[in-house]
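Since the structure comes first, as structure tokens, the remarks are kept for the end.
The values are calculated or read from the model by the stated rules, or taken from the named source; none is laboratory data. Everything numeric in this text was worked out from a predicted model, so none of it was measured. Methodologically, a virtual Cβ is constructed for each residue, glycine included, from the backbone with ideal geometry; neighbour enumeration extends over all protein chains shown.
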Amino acid sequence: MIEGMEKIVREHRFFADLDDDMIKLIAGCARNVVFKAGQYLFHTGEPADEFYLIRQGQVALDVVAPGRSAITFQTADAGEIVGVSWLLPPYRWMHDARAVDLVRAIGMDARCLRGKCDADHDVGYDMMMRFVPLLVSRLQATRMQLLDVYGTPA
Amino acid sequence: MVPRVARVLRARRELSDVWTLDIDAGVNGFVFSPGQFNMLYAFGVGEAAISISGDATDHGNLVHTIRSVGKVSAALANLKAGDAIGFRGPYGVGWPVEQAEGSDVVIVAGGLGLAPLRPAIYHVLANRDRYGRIALLSGAREPAGMLFRRELEQWRTRFDVDVAVTVDHADSDWRGNVGVVTTLIKRAAFDPDHTVAMVCGPEIMMRFAAIELEQAGVPGDAIYLSMERNMKCAIGQCGHCQLSTDFVCRDGPVATYTHLNRLMTLREL
């Protein structure tokens with residue numbers, strides 16, 4: 001079972017370059033999950049106890065403000081990651097994540113992985129080096145969205 | 001410098017503030033390269049540099065897509081079939097459609113930037129066997145702001161082109177990609193060592209797209225951007241469009257990222 005999960009984790013783009021030991025370590029925190037279209041992977045404010053490596057389908061990341069309908073600010077497709085708040089306190093989701101269509105993913109138990117990061121700082125450093133560029137690129141994307149570059153010049 | 005007088009054949013609304021004009025190029029027709037622009041003259045109002053957005057093989061029909069943002073562009077956008085319009089051109093350096101032969105082609109368009117790229121898209125699709133993989137990545141602010149939506153849908157039905165579209169924001173009715181157009185670059189399939197990229201859109205979007213393409217391994221001199229500056233004479237004489245030692249009207253508007261990289265981050269320019 002674990003062997004099968006190791007193969008699935010290795011096939012995912014995000015972890016494809018990990019060595020065998022690391023794959024084995026990470027696969028111990030992984031499980032297969034499926035979400036139907038419209039189903040939520042998680043909601044704002046909930047504990048960030050599981051993040052997802054998307055294998056198939058599309059996930060919309062939504063922000064919801066009172067009195068307004070949800071705004072999708074990003075979508076994630078196969079080969080991408082949903083959920084970065086698991087890595088840093090307060091370990092709570094800052095947005096909703098909704099399956100746009102049938103989504104197959106690897107669910108990573110964040111508590112389990114955080115434990116392994118604490119126990120072995122090499123693992124922790126590797127996770128940081130993978131997730132920080134993700135955070136930076138999302139920050140850059142947010143800057144571009146804030147600039148509203150396609151708006152009509154004043 | 002004297003504009004030719006022509007008639008508008010057709011005016012169609014693309015978006016709330018964007019119009020496309022088909023202009024009768026006359027019996028002698030009009031020859032241009034994808035990426036070049038014309039100076040369009042709204043009589044009694046003024047002149048503006050507008051990229052050509054039509055098919056370069058259609059010599060009788062001159063097509064321009066105009067966003068109504070100022071006095072001149074609003075006057076141009078308000079023209080109707082049968083109205084007179086002045087034009088002179090074509091001007092500037094266009095897209096490297098011939099140099100790109102044999103390579104993969106990545107086309108990145110942001111907002112109205114799809115208009116200057118459309119002649120290049122027509123060209124590569126009409127000569128499909130001369131190119132490797134083709135990725136067309138297009139971004140807009142929201143679904144309602146997507147230019148040439150019907151054509152994008154048509155291109156998407158082809159098996160030999162990878163078309164991806166994204167919007168910066170959407171509500172839950174939108175079932176496509178959401179995120180800035182640069183995020184599509186990572187998902188596109190191309191061989192970075194044998195790729196020519198053509199990028200057009202707001203300058204900051206082009207800069208981020210070029211950075212993303214470089215990170216993907218595409219050399220800066222294979223990344224082409226189309227710059228926009230306030231052009232007046234269009235023949236490299238008046239200096240209105242000066243960008244350091246370049247005159248965008250004459251040396252551009254299309255140039256490589258290697259050439260433009262430093263200039264794009266200088267505040268004074």
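Between B:A188, B:A126, B:A120, B:A144, the distinction of being under 26 Å from A:V136 (Cα atoms) and among the small types (G, A, S) belongs to B:A188 only.
Somewhere in segment A:80-97, is a residue surrounded by fewer than 19 Cβ atoms within 10 Å (Cβ to Cβ) and within 14 Å of chain B (Cβ to nearest Cβ)? No, every residue in segment A:80-97 fails to be surrounded by fewer than 19 Cβ atoms within 10 Å (Cβ to Cβ) and within 14 Å of chain B (Cβ to nearest Cβ). If I go through segment B:202-236 residue by residue, how many of them are in a loop (DSSP other than H, G, I, E, B), more than 30 Å from B:S73 (Cα to Cα) and in contact (Cβ under 8 Å) with a residue 60 or more places away in the chain? So the answer is 1. Screening B:L137 with (1) in contact with a Lys or Arg (Cβ under 6 Å, 6 or more places away or on another chain); (2) buried (at least 19 other Cβ atoms within 10 Å of the Cβ); (3) outside any helix (DSSP H, G or I) gives one miss only, at (1). Which one is surrounded by the fewest Cβ atoms within 10 Å (Cβ to Cβ) among residues in segment A:113-142 that are within 14 Å of another protein chain (Cβ to nearest Cβ) and within 15 Å of A:F15 (Cα to Cα)? Top of the filtered list is A:P133. Among the candidates B:V165, B:V254, B:V199, the residue that is without any contact (Cβ under 8 Å) to a residue 40 or more places away in the chain, assigned to a strand (DSSP E or B) and not assigned by TED's automatic domain parsing to the domain that holds B:S33 is uniquely B:V165. Just give me the residues in segment B:110-150 being basic (K, R) and within 14 Å of chain A (Cβ to nearest Cβ), in sequence order. Matches in segment B:110-150: B:R141 only. Scanning segment B:237-251 for residues that are crowded, with 16+ Cβ neighbours inside 10 Å and assigned to a loop (DSSP other than H, G, I, E, B) yields a count of 1. Only residues that are under 20 Å from B:A115 (Cβ atoms) and either touching a helix residue (DSSP H, G or I) at 6+ places or on another chain (Cβ under 9 Å) or within 13 Å of chain A (Cβ to nearest Cβ) (or both) were counted across segment B:151-170, and they come to 10. Which members of segment A:115-142 meet the condition of being touching a residue at least 24 places away in the same chain (Cβ under 8 Å), under 15 Å from A:S85 (Cα atoms) and not aromatic (F, W, Y)? If the condition is that a residue be touching a residue at least 24 places away in the same chain (Cβ under 8 Å), under 15 Å from A:S85 (Cα atoms) and not aromatic (F, W, Y), then A:M127, A:M128, A:R130, A:L134, A:L135, A:R138 are the ones that fit. Of all residues in segment B:171-194, count the ones that are more than 25 Å from B:Y122 (Cβ to Cβ), facing chain A (nearest Cβ under 10 Å) and outside any loop (DSSP other than H, G, I, E, B). Selection size over segment B:171-194: 3. Under the condition of being away from every other protein chain (no Cβ under 14 Å) and either crowded, with 21+ Cβ neighbours inside 10 Å or part of a strand (DSSP E or B) (or both), the residues counted in segment B:44-70 number 14. Among residues belonging to segment B:74-110 that are part of a loop (DSSP other than H, G, I, E, B) and hydrophobic (A, V, I, L, M, F, W, C), point out the one that is nearest to B:S53 (Cα to Cα). In this case the residue turns out to be B:W95.
If I filter segment A:48-60 for residues that are assigned to a helix (DSSP H, G or I), farther than 22 Å from B:V165 by Cβ and at pLDDT 95 or above, do I get at least one hit? No, segment A:48-60 contains no residue that is assigned to a helix (DSSP H, G or I), farther than 22 Å from B:V165 by Cβ and at pLDDT 95 or above.
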